[in-house]
Every structure is written in structure tokens, then in C-alpha cells.
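The values are calculated or read from the model by the stated rules, or taken from the named source; none is laboratory data. Remember, it's a predicted structure, so these values are computed and weren't measured experimentally. Please note: Cβ atoms are built from the backbone with ideal geometry, for glycine as well, and neighbour counts cover all protein chains shown. Side chains are part of the model used for accessible areas, which takes the heavy atoms of the whole protein and leaves out ligands, DNA and RNA. Shrake-Rupley method; radii C 1.70, N 1.55, O 1.52, S 1.80 Å.
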Amino acid sequence: MLRAELIKLRRSAVWPIALALPLLAVTTGTINYANNADQLTGGWVAFNSQVVLFYGLLFFSLGIGLLAATTWRAEHRGTNWNLLLTTSRRPAALILAKVAATAVSVAFMQAVLVVGTLVSGAFVLRLDGGVPWQLVVVGAIAIIAALPLVVVQSLLSMLLKSFAAPVAVCLAGCVLGVASVTSVGLRPLSHVLPQAINTRALNLGSTALAGSGSLTPDGVLPILLTALGLAAVCVALGVAAIRRVKLR
Amino acid sequence: MTRAVVLELRKMRRLRTGPIVVLLVLAVAALSSASQFSGGTRETFDDPTAAPWAALLLTYTMMAAMTSPLLTAVLASRQTDIEHAGAGWTLAATAGYTPGVLCRAKVVALSLVLLPAVALQSLLVIGAGTAAGIRVPLDPGPWIGYTTLLFLLDVAFLALHVWLAATVENQLVGVGIGMLGAFLAAFTLLLPSAVSRLIPWGYYAVIAHAAQDGDVVAYQSPSYAWIAGFLILVGAVYAFVTRRLDRIER
């Protein structure tokens, strides 16, 4: 089933978006760093913080919303949904295949972001110091941290037939996420809201966002464990939903 | 045309356009005014030189720029995508509403929904500022000016996205461009206005009625000529492309 999903993904239009979004983040981060070079003296750390500023708050999560909506769109066209209901495979297999396909494109997005940041930092800005391998680690952590949102958006895209509606819901979640990450009162929410988990993962070791965790086992493990736990719970919910909810 | 607009408004009920708009308006207003309740901001409330209202308008501008392009893309995509299912274009054309008329009616109908929404959004932000305890009197001019221009700009982008959603069936393209536009709109606030004017989404920064210079936030007048030019250009292009939609064969 995963192979079928990957074939669908290969010919879909997600790649230009998955390529353009991180490249835009790197470009804007580079321009911003170059313009404020006298105030930002932190080298690689400050540069990476500029890159993930908007990307981490909003656009990484929105990108995931779009990618998830795309993987489900084909099933809502024509009579494909009826066809899907006649399959002899288990519902869980379908949901996991969709999640895995979305995660592949999210991983691609992260790879572009990390490679773009390294290339821009080394060759455009010519930052001092060795190439910081922490960037690669944070990039990989962010893929795992993205799993809850991938699952949630995947479920929304399954249940809502419209393409754009799940993205709107994701935007509302992002707004809540920004509020939970930046305000002290709502801080507990930032540990369970998928969008906020993304923001916190991408900002590990960042200097632009106050209260960012550090890149140590103490900072990383809670994020990874909640992400995996939340993703598992949501997959179970999805399997229950696909059995109970009757879509036409 | 009036009948076509009424029809579009009827279609919105099942699309739940109303709840989506209300949800996002509340979200943007909440995000814009969240900082008003923090301690550091509160100390500026009684100090006219700190210009708390201008600072609030600037935060609001930032949040509106970040979310409006995507909001318009989502609304336009939902309203237009339904015609691709079940040969809606052909059905409407046999009833006398050609694709071009349909697209224009969609923009008018969505604008009718967006007008009270944007006004409400601004009022909510002002209300939050008052509730948080800003004592400095409010100068309504920049706020009214910004809200009006924000609405007009949203209409321009609704037009773009309705056309995109009608011509490119894959809604990923329209919504994806809306998302990249939101990114650009937020980023152009950090760029000089000479650059923002050349990027369509940069106009979300060009209409800003408040600006930060060093540590000081103050009201400013945007360059109305550029904004008017952009809106007229979009209107003319939209009139042209929707007429073309009538003639192409599907």
C-alpha cells in the first residue's frame, strides 16, 4: 500500500511546494541576517534562528497541512472513495501508508531546509566556525516532532472532503501554537499542541525565540516522546474514525 | 449578476464559509492583541510618547500580513473547487451564468462576507487594547485607513485565487501559492518599501499605517498612489481574464 502511495506522490505537484517553502525560508533568513549583521553576531546559531523564525512559527506546519491534504485529495475525487472502501486491506494499513507518504515529503522539505541553510551559511554569508552538525540533528528531530501534526492533518483531510478546509484548521492551530509558545500562561499547551511541538523542535538551541529548549537530552527527549505518543494515539483515533464515520 | 451573487451566498452555507471566517478572524485578533497583556507592554499604556496604539497597529499589520493571503486562498479555493465536481461550470453555463460571470459573482459574494469580518477583526483588536488598559486616546484615522486598505487588498487576492482555482483544477497550486504569499507578505514588512511594491504580496506591507524606526513606533501614511495603482491593475487583469474564461473550451 505504501508503494501505491509513493507512486501517487511521485507524480503529484507537492514537490515544487516542498522545495519552494524551505528555500524561501533560507532566502529570507539570509537576507535578514545580512541586513542585520551588525546586531546578529552569533554566527551559525543566529543565522539558523533567523531561517526558522517564520518557518518554525507558521509555515512548516502549514506546509505539512498542504502535503497531507494532497495525499488524500485523490481519494475524494470521483468515485475513488467507494473504491477505497472495497479494499481488503486493513484500515490501519491505509492510514499508516498515507502518514508515511506525507512524512516522506516532510522529510524532503527538512532536507532542503538543512542543506539550504548549510550552503547559504557557508558560501553566501561565509560564516566563521566549522559547519555546525547540530543543524542536521535538529532537522532530523523536527521530522519526528512533525509526526503528530502529519497524523492529525491526515485525519482531517480524510474526514473533510474539501482540500482547503484542513489547511484552514491547521492555520487556526498555528495561531494557537504561536500564542502558546510566546505567552507564559498558555505554555503547558505548547507541549501537546502538534503545531507548537513543531515550533519548539525547530527552535531547539535557537536564540530568536525566548524560552527555546537546548539541544541536550533533557530538551530533546520530552519532545520526541510526546511526539511519538501523540502520533500513536491519533493513528488509533483515525482507525476508529474510518470505521465509524460514513463518508459519501 | 445579482442573482448569481445570491446563488454564491447560498452555496456558502454548506461550505461553512461563515464559521471558517469567524474562526480565523478571532484567531488573528487574538494573536495581534496577545502581547497587550504582557507586563512589559503594559508599562507603555499611560505614556503617549510610547504610542501604544501605533505599536498595537503594527503587531496587527504583521499578523494580518501573515494570515490574510492564506485566508483568501482558502476561501476562494473552497468557493471555486465545488464547480469542478459534477460539471458545475457546464451546469451554470446552461443556466446563463458563464464561467466568467460565475467567477466575478464569487469574488463579490466572498467580499460581502469579508467586509464585516475585517471590520470586526479591527474592532476586536481595538477592544482588546482598551480592555488591556491603554489610556492614551485613540486616533481613529490610521485604523480606519488600514482596515479599509486591508479589505480592498483581500478582495484583490480573492480575485487572483478565484481565477487560479478556476483555471488550475489541482487546488494544491492555489492554496500553495497562498501560503508562499503569506510568507512573502510577512517578510516584506522587514524589507524597504521600494522592494515590497514590486511583489504582489508586498502590498500587505505597503498598506502599513505604522512603522518602527529604531525603538520608536509611530503612525505613517502609506503611498496611496502605489496601492491604488496595484488595485486598479488587479481589477483590470481580472476583468480581462474572466472574459477569457467565457471563451475557452473545457
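Counting lysine pairs in the protein assembly as shown whose alpha carbons fall under 21 angstrom apart, excluding pairs fewer than 8 residues apart on the same chain, gives 8. Residues of the range B:52-84 that bury at least 50 Å² of accessible area once all protein chains are present, compared with their chain alone (1.4 Å probe, heavy atoms only, ligands and nucleic acids left out), are B:Met66, B:Leu70, B:Arg78.
Taking loop as defined by DSSP and a crowding limit of 12 other beta carbons within 10 Å, which trypsin sites (Lys or Arg not before Pro) in the range A:125-210 fit? Each step should come with its number before you reach the end.
On the way: sites: A:Arg126, A:Lys161, A:Arg200; in loops: A:Arg126, A:Lys161.
For trypsin sites (Lys or Arg not before Pro) across the range A:125-210 that sit outside H, G, I, E and B with at most 12 neighbouring Cβ atoms in 10 Å, the list reads A:Arg126.
Using +1 at the C-beta of Lys and Arg and -1 at the C-beta of Asp and Glu, which of A:Asn198, A:Ala165, A:Ile143 has the Cα lying farthest in the positive direction of the dipole of the range A:2-244? Toward the positive end, the furthest listed residue is A:Ala165. Per-residue Karplus couplings for the range A:79-95, computed as 6.51 cos²θ - 1.76 cosθ + 1.60 with θ equal to phi - 60°, are listed in order as 10, 4, 5, 4, 4, 5, 5, 8, 5, 8, 6, 6, x, 4, 5, 5, 5 Hz, Gly and Pro entered as x. Axis angle, to the nearest 10 degrees, between helix A:134-145 and the longest C-alpha principal axis of chain A: 20 degrees. Size descriptors for the range A:1-108, from the alpha-carbon set: Rg then Dmax equal 18.6, 63 Å.
Sequence-distant contacts, meaning Cα pairs under 8 Å at least 6 residues apart, place the relative contact order of the range B:47-134 at 37 percent. List the relative contact order of the range A:90-248 as a percent without decimals, with contacts defined as Cα pairs under 8 Å and 6+ residues apart. Taking the mean separation of contacting Cα pairs over the length of the range A:90-248, I get 27 percent.
Rounded to the nearest whole Hz, the Karplus-based 3J(HN,Hα) values (6.51 cos²θ - 1.76 cosθ + 1.60, θ = phi - 60°) of the range B:11-20 follow the sequence 4, 5, 4, 6, 7, 6, 4, x, x, 4, with x at glycine and proline. Taking amide H as placed 1.01 Å from N in the peptide plane, the amide H of B:Ala210 sits under 5 Å from that of B:Gln220, each at least 5 places away or on another chain.
So for the protein assembly as shown, what are the equivalent ellipsoid semi-axes in whole Å, largest first, each being the square root of 5 times an eigenvalue of the Cα gyration tensor? If you can, show how the numbers build up before the last one.
Working: eigenvalues 229, 200, 88 Å².
Over the Cα atoms of the protein assembly as shown, the ellipsoid semi-axes are 34, 32, 21 Å.
Accessible surface calculations at 1.4 Å, restricted to protein heavy atoms, place chain A at 44 Å² per residue. Amide H contacts under 5 Å for B:Ile199: none, restricted to partners 5 or more places along the chain or on a different chain, H placed in the peptide plane at 1.01 Å from N. The relative contact order of chain B comes to 28 percent, based on Cα pairs under 8 Å that sit 6 or more residues apart. Looking at chain B, the accessible area is 44 square angstrom per residue; that uses a 1.4 Å probe and ignores ligands, DNA and RNA.
Placing +1 on each Lys and Arg Cβ and -1 on each Asp and Glu Cβ, with no other charges, gives the range A:2-244 a dipole about its Cα centre of roughly 1100 debye. The chymotrypsin sites (Phe, Trp or Tyr not before Pro) of the range A:77-158 that meet both conditions, a loop assignment by DSSP and at most 13 other Cβ atoms within 10 Å of the site Cβ, are A:Trp133. Report note on the peptides B:130-141, A:188-199, A:218-229, A:91-102: ranked by the mean count of other C-beta atoms within 10 Å, highest first, their order is A:188-199, A:91-102, A:218-229, B:130-141.
Legend: translational diffusion of chain B by Stokes-Einstein, Rh = Kirkwood radius over C-alpha pairs, 10 °C, 1.306 mPa s; D = 84 µm²/s. The accessible surface of the protein assembly as shown, taken with every protein chain in place and a 1.4 Å probe, is 67 percent carbon and sulfur. Counting Cβ atoms of other protein chains within 10 Å of each residue's Cβ and taking the mean over peptide B:154-162 gives 0. From the Kirkwood radius over Cα pairs of the range A:2-244, Stokes-Einstein at 20 °C and 1.002 mPa s returns a whole-number translational diffusion coefficient of 116 µm²/s. Per-residue 3J(HN,Hα) values for the range A:57-66, derived from phi via the Karplus relation 6.51 cos²θ - 1.76 cosθ + 1.60 with θ = phi - 60°, read 6, 9, 7, 5, 5, 4, x, 4, x, 5 Hz in sequence order (x marks Gly and Pro). Of the residues in the range A:155-202, those shielded by at least 20 Å² of accessible area once partner protein chains are present, compared with the chain alone at a 1.4 Å probe, are A:Ser162, A:Phe163, A:Ala164, A:Ala165, A:Val167, A:Ala168, A:Leu171, A:Ala172, A:Val175, A:Val178. Per residue, the convex hull spanned by the Cα atoms of the range B:133-240 measures out at 124 cubic angstrom.
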